[in-house]
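Asks: Have a look at this one before I ask anything.
The values are calculated or read from the model by the stated rules, or taken from the named source; none is laboratory data. Small disclaimer: the values here were computed from a predicted structure and weren't measured. All Cβ positions, glycine included, derive from the backbone under ideal geometry; neighbour counts span all protein chains shown. Protein only, heavy atoms only, side chains kept; ligands, DNA and RNA dropped before computing areas. Shrake-Rupley method; radii C 1.70, N 1.55, O 1.52, S 1.80 Å.
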Amino acid sequence: QFNKIKIIAVKLDYEDNFRNKSYNHEELNYIIKNTLYLERSKLKKELIQLENELDGQYLYAGRCDYCKKCAKITDESCRFPELMRYSVESIGSNIQKLTPDIFDFSLKWIQKDMKIPEYLVNVCAILY
């Protein structure tokens, strides 16, 4: 149905004052929710617009987030199949390897020391 893919990456740079300390899980969740996930939410609006313009389907950075708790976890059918979107990885893309080939940076992760890296990245795509 689709024969092209457009990869989109949004890089969030963190200032030194965020990166120079270790956080507990609750603090990290708060920071990620209010930075990475907030940007992901903004990006979703742009992806929906692109999806309509290109007559395509967007692929998400990470899991679909239309429900607080996915019905699939409890072996139920998706509550919103018309809204649900797959992740870029779900179609076999290796974002870890793909990102440095397309963009001028690689992915970074929060490590065991619970420190925020220099940046985090949302990687999405549009199939069209």
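Asks: What aspartates and glutamates sit close enough to residue 69 to cross-link, taking a C-alpha to C-alpha distance under 18 Å and skipping anything fewer than 8 places away on the same chain?
Replies: In chain and number order, the partners are 82.
Asks: Can you give the FRET efficiency to the nearest 0.05 for residue 70 and residue 90, using r as the Cβ-Cβ distance and R₀ = 22 Å?
Replies: E between residue 70 and residue 90, to the nearest 0.05, is 0.95.
Asks: Name the residues of the stretch 94-127 whose amide N is less than 18 Å from a point 7 angstrom out from the Cα of residue 34 along the C-beta direction?
Replies: In the stretch 94-127, the label zone of residue 34 (backbone N under 18 Å from the point 7 Å along Cα→Cβ) covers 115-117, 120.
Asks: Take the chain, connect every pair of alpha-carbon atoms lying under 10 Å apart with a spring to form a Gaussian network, then pick out the residue of 18, 80, 103 with the largest mean-square fluctuation.
Replies: Result for the chain, Cα springs under 10 Å: 80 fluctuates most.
Asks: Which residue fluctuates most in the GNM of the chain (Cα springs below 10 Å): 82, 15, 53?
Replies: 82
Asks: Here's a follow-up. Sequence gap at least 6, Cα distance under 8 Å: using those rules, report the relative contact order of the chain to the nearest whole percent. Intermediate results must be reported in sequence, preceding the final value.
Replies: Values: 155 pairs, mean separation 63.0, N = 128.
The value is 49 percent.
Asks: For the chain, what does the helix formula give at 222 nm: sum of -39500 (n - 2.57) over DSSP H segments with n ≥ 4, over the residue count, nearest 500 deg cm²/dmol?
Replies: On the way: 4 runs with 41 residues, N = 128.
Value at 222 nm, helices only: -9500 deg cm²/dmol.
Asks: Over the stretch 64-128, what relative contact order in percent results from Cα pairs under 8 Å that are six or more residues apart?
Replies: Reported as a whole number, the value is 21 percent.
Asks: Lys and Arg at +1, Asp and Glu at -1: add these up for the other residues within a Cβ distance under 12 Å of residue 16 and post the number.
Replies: Around residue 16, the charge tally is 0.
Asks: Here's another thing I want to ask about it. Among all lysine pairs in the stretch 1-62 that are eight or more places apart or on different chains, how many have alpha carbons less than 28 angstrom apart?
Replies: Taking the Cα cut-off of 28 Å, the pair count is 17.
Asks: Please check: in the Gaussian network model of the chain (C-alpha springs, under 10 Å), which one of 97, 68, 33 has the largest mean-square fluctuation.
Replies: Residue with maximal mean-square fluctuation among 97, 68, 33: 68.
Asks: Using the crude model of +1 on Lys and Arg Cβ and -1 on Asp and Glu Cβ, and no other charge, please compute the dipole size for the chain relative to its Cα centre, in debye to 20.
Replies: Value, rounded to 20: 240 debye.
Asks: For the chain, what % of the accessible area comes from carbon and sulfur atoms, probe 1.4 Å?
Replies: With neighbouring chains kept in place, the figure for the chain is 49 percent.
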